[in-house]
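Visitor: First the structure, which I've put down as structure tokens, then a few questions once you've had a look.
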């Protein structure tokens, strides 16, 4: 079953989310949901930013995250371009990451394969 197409909100059976690789890499860390720019103003190591999308206002804070995951976007979106510039693993276009993942969830971002796994 492709959970990226069929989603029951907060479905506990979803342990894997797929998206498009924007910059390769593999990291583990805790999720930080970013709906507002103020959500990004944290000084905690190994956080994975999970956000609907990024804009130029997010840029100064993106370098502090271990990886970037977005619901929207493609290879030329803001998150993709910034991830390549900062050399951060990045997966875009997941459609459901902000609905499935919660602040503090431990995840592995495998941006070599385009998969985010709950651990």
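Please treat every number below as a calculation from the coordinates, not as lab data. Computed from a predicted structure; not experimentally measured.
Visitor: Pick from 104, 29, 93: which is most flexible by mean-square fluctuation in a GNM of the chain where alpha carbon atoms under 10 Å apart are linked?
Guide: For the chain, modelled as a Gaussian network with Cα springs under 10 Å, the answer is 104.
Visitor: Under a 10 Å cutoff between Cα atoms, tell me which one of 63, 18, 45 has the largest fluctuation in the Gaussian network model of the chain.
Guide: So, out of 63, 18, 45, the one fluctuating most is 45.
Visitor: Regarding segment 16-118, what is the average projected area of its C-alpha convex hull, in nm²?
Guide: 5.0 nm²
Visitor: What 222 nm value per residue comes from the helices of the chain, counting each DSSP H run with n ≥ 4 as -39,500 (n - 2.57) and dividing by all residues, nearest 500 deg cm²/dmol?
Guide: Calculated from helices alone, the mean residue ellipticity at 222 nm is -3000 deg cm²/dmol.
Visitor: Another question about this same structure. Under a GNM of the chain (C-alpha, springs under 10 Å), which listed residue has the highest mean-square fluctuation: 51, 76, 94?
Guide: Ranking 51, 76, 94 by mean-square fluctuation puts 76 first.
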